[in-house]
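Below is one structure, written out as structure tokens; the observations come after it.
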Amino acid sequence: MGKGEKSAPSCFGYPISIFFIVVNEFCERFSYYGMRAVLVLYFKYFLQWDNNLATVVYHTFVAVCYLTPILGAIVADSWLGKFKTIIYLSIVYAIGQVVMSVSAIHDLTDGNRDGTPDNLTLHVALSMIGLILIAFGTGGIKPCVAAFGGDQFEESQDKQRSRFFSIFYLSINAGSLLSTIITPILRGQECGIHSQQKCYPLAFGVPAALMAVALIVFVVGSGMYKKVSPQGNIMVQVFKCISFAISNRFRNRSKSIPKREHWMDWAKEKYDDLLIAQIKMVVKVLFLYIPLPMFWALFDQQGSRWTLQATTMDGNFGAMQIQPDQMQTINAILILVLVPIVDVVVYPLIKKCKLNFTPLKRMTVGMFFAAMAFVAAALVQVSIDKTLPTFPTSTQIQVKVINLGTQNLTVNFRETQPPNFSTVVDPLQAGDYRALQLSSEMDVNYGNGTYPLSFANLSGGKRYTFIISNQNGLSSNLAEDITSKPEQGSNAIRFINNLQERINITVDVTSLGEISPFSFSNYTMQNLGVKKIKVITETGKSCTVDSMKFGFGSSYTIIINECTESMTLKYIEDIQPNTIHMALQIPQYFLITIGEVVFSVTGLEFSYSQAPSNMKSVLQAGWLLTVAVGNIIVLIVAGAAGLGEQWAEYVLFAALLVAVCIIFAVMAYFYTYVDPAEIEAQFDSDGNKKKEKEKEALGYEIGDGPQSQTKM
């Protein structure tokens, strides 16, 4: 602290200013992870994108979030300083979150008030603007906040600074954990002005509010901060030095010019020996980073492919109904549990067994665990696929017959190409769906009569149900069925009026309107559980009955045969509910979290231990870059593989990571660990090697004081 400089206000030896920084980080991480938790489902269900497009845009967004920290670090260190960079980019960030929240308001363009936006292009445009602003905001402040917190401490406060970083990273995990629990619950609510829909505006709005709180809290502490002026960005110096070395080597590529020991030595004409030696250490680690993006390519699919996988599963955990996007909380919970177990139990146990479990070996094991997580995900997907319905192609239809008559009927299907086939349907029963070509024919046999049914006006790629009765002469009616599995935990149900008079049906508080005799109602989407079904007939009879317990993702046609005190319902299952439980995803989350603990935590520790004191930010930027490249790999593989089956894509990713894991193990075997402090001690304050200028050409080791120095 300089002469006459006032000390910062403190409490128990800690600057009070760090309280504002920790609260700011908690709110910012809540905002980011909360928005990201529901993002892929917003793409799929609100913007109506398919799984592949939703996955591509999700990973593009994440990639940009991890590319922009480099820009943020350069702006902070070379121009604005950390404080102003955090302020300005937090404003950009908050605006982006608000725009995302506005983009999710379905009433914004829902002119006909049917619950569906009439102008999706506007919502897509607002979403993309919001995501771009968020990516620049969160990425830009990412490298600044932790470093700004470290700036608040005096040089003598090493212990307090170390404890601050522990609290800081705890606030990150706390914000991530709470947001991935809360925002899916908010999304699951229903809201709207004219019609009630899933509440994405609230799910995005709460993170927007938390980002505004983060900005306000940070600004409130402004007068207490120690603000270090920009000192110039070391990354810029590193890039310039490397560029000069490459260009100088290219200019001196003649065979008559003597070669140099290391390609970075070609920068000696312009840069001092210390900087070159430090860059050599950094480049050595960055070379090891080359295989690492493949790990992140798998890890970040928790928020995309794995969340989409959960939408086809059963989330009923008894007292709790888990939303698909809430399964991501398993990772955050397991992190808090596994990190201390691995540090306190596993590593010491391995050490006692006298096994040389080096950081690079740990990272290799972490990559292998992540690959095994995707093998587990593939096995779960195979089980899910067995339960999913097969829908017709564009040149087919699927037809089902429900017999509302008093005797058996026989349905004959005549294909354009044999074999033909027939099926018998008992009274008040339904046949199975039959896939037919549009040119096929069908007729019904009742007793001695045969009655043809026409496909003339039917459209390809659709499912249809014929209801047939012989009670007042043979009659039939036709309805189009849903051709997609209900998602987001919903169940599609409709009713058939098999009474002789008109009826009104209410399901809980949803009225389906009037249904004529021998007719279908429209579908209504119902959530998990038992529903109260009330029927009022044209003659004033009223009857109420509890429905069956609906699960996740089913479709039923329900026949109303009577309206008496003992009214019963006849259920025809059109699409079976999700039967594979979300709990089966826990093993894959467990495996990938072990991989994260062993890989990510160790990787950061290794990078810091091998980095020169003034270039740790360079390696931090390199580490974040591997995350960005990993998300780009997902875009390439998911877009180019064209495997069709999701389980096959999971196996492909697992195989790619195993191959990369082997390559990384070979690279790690040849890596030599260094002590950056020992190497830096070989240089004087001007960046030149101590007492070695006249001996450098001899290439032997020299001693300088108590430390032994080895020529690089």
Across (1) open to solvent by 20 Å² or more (accessible area, probe 1.4 Å); (2) modelled with pLDDT of 90 or more, Leu635 clears everything bar (2)
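Given the criterion more than 16 Å from the chain's Cα centre (by Cα), buried (at least 16 other Cβ atoms within 10 Å of the Cβ) and modelled with pLDDT of 90 or more, identify the matching residue among Val629, Val660. Break it down into steps so the answer makes sense when it comes.
Working: Val629 fails: more than 16 Å from the chain's Cα centre (by Cα).
It is Val660.
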Problem - Condition check for Val62: modelled with pLDDT of 90 or more, open to solvent by 10 Å² or more (accessible area, probe 1.4 Å) and in contact with a helix residue (DSSP H, G or I) (Cβ under 7 Å, 6 or more places away or on another chain) - result: no
Filtering segment 104-127 down to residues that are over 22 Å from Leu186 (Cα atoms) and within 22 Å of the chain's Cα centre (by Cα) yields Ala125
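May I ask you to verify whether Glu649 is within 18 Å of Ala370 (Cβ to Cβ) and out of contact with any strand residue (DSSP E or B) (no Cβ under 6 Å at 6 or more places or on another chain)? If you could, list the steps in order and put the result at the bottom.
Details: within 18 Å of Ala370 (Cβ to Cβ): yes; out of contact with any strand residue (DSSP E or B) (no Cβ under 6 Å at 6 or more places or on another chain): yes.
Here the answer is yes, as Glu649 does meet what is asked.
Looking at this structure, is Gly115 among the small types (Gly, Ala, Ser), touching a strand residue (DSSP E or B) at 6+ places or on another chain (Cβ under 8 Å) and either crowded, with 21+ Cβ neighbours inside 10 Å or at pLDDT below 80 (or both)?
Values: among the small types (Gly, Ala, Ser): yes; touching a strand residue (DSSP E or B) at 6+ places or on another chain (Cβ under 8 Å): yes; either crowded, with 21+ Cβ neighbours inside 10 Å or at pLDDT below 80 (or both): yes.
Taking the combined requirement at face value, the residue satisfies it.
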Exactly one of Met264, Met294 is of a type in the set (A, V, I, L, M), in contact (Cβ under 8 Å) with a residue 60 or more places away in the chain and part of a helix (DSSP H, G or I), and that residue is Met294
*Does Lys532 satisfy being surrounded by fewer than 16 Cβ atoms within 10 Å (Cβ to Cβ), touching a residue at least 24 places away in the same chain (Cβ under 8 Å), closer than 14 Å to Val507 by Cα and charged (D, E, K, R)?*
yes
Of the residues in segment 388-444, those that are closer than 18 Å to Thr465 by Cβ, of a type in the set (Phe, Trp, Tyr) and not in a loop (DSSP other than H, G, I, E, B) number 1
Of (1) surrounded by 17 or more Cβ atoms within 10 Å (Cβ to Cβ); (2) at pLDDT 90 or above; (3) closer than 28 Å to Val424 by Cα, Met548 satisfies every one except (1)
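Given the structure, is Thr510 open to solvent by 30 Å² or more (accessible area, probe 1.4 Å) and within 43 Å of the chain's Cα centre (by Cα)? Talk me through it step by step, then tell me what you get.
Values: open to solvent by 30 Å² or more (accessible area, probe 1.4 Å): yes; within 43 Å of the chain's Cα centre (by Cα): yes.
Criteria met by Thr510.
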Screening Leu478, Leu458 for residues that are part of a strand (DSSP E or B), open to solvent by 20 Å² or more (accessible area, probe 1.4 Å), within 14 Å of Gln398 (Cα to Cα) and out of contact with any helix residue (DSSP H, G or I) (no Cβ under 6 Å at 6 or more places or on another chain) leaves only Leu478
If we keep only residues of segment 187-208 that are surrounded by fewer than 17 Cβ atoms within 10 Å (Cβ to Cβ) and among the small types (Gly, Ala, Ser), then the residue farthest from the chain's Cα centre (by Cα) is Ser195
When (1) in a helix (DSSP H, G or I); (2) of a type outside the set (Asp, Glu); (3) at pLDDT below 90 are applied to Phe299, the one that fails is (3)
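From the list Phe136, Phe148, which one is open to solvent by 50 Å² or more (accessible area, probe 1.4 Å), of a type in the set (Phe, Trp, Tyr) and part of a helix (DSSP H, G or I)?
Matching residue, one of Phe136, Phe148: Phe136.
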Of (1) touching a residue at least 40 places away in the same chain (Cβ under 8 Å); (2) surrounded by fewer than 22 Cβ atoms within 10 Å (Cβ to Cβ), Val38 satisfies every one except (2)
Quick check: anything in segment 323-346 buried (at least 17 other Cβ atoms within 10 Å of the Cβ) and not in a helix (DSSP H, G or I)? yes
Exactly one of Ile575, Ile558 is among the β-branched types (Val, Ile, Thr), at pLDDT 90 or above and farther than 30 Å from Ala378 by Cβ, and that one is Ile558
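Can you find, within segment 209-252, the residue that is surrounded by the most Cβ atoms within 10 Å (Cβ to Cβ) among those that are assigned to a helix (DSSP H, G or I) and charged (D, E, K, R)?
Within segment 209-252, the subset assigned to a helix (DSSP H, G or I) is 209-220, 222-224, 234-251.
Within this subset, residues satisfying the condition of being charged (D, E, K, R) are 240, 249, 251.
Working: Lys240: 13, Arg249: 17, Arg251: 10.
Here the answer is Arg249.
The values are calculated or read from the model by the stated rules, or taken from the named source; none is laboratory data. Only a predicted model underlies this, so the values are computations on that prediction, with no experimental measurement involved. As a convention, Cβ positions derive from the backbone with ideal geometry for all residues, glycine included, and neighbour counts pool all protein chains shown. Heavy atoms of the whole protein, side chains included, go into the accessibility calculation; ligands, DNA and RNA do not. Shrake-Rupley method; radii C 1.70, N 1.55, O 1.52, S 1.80 Å.
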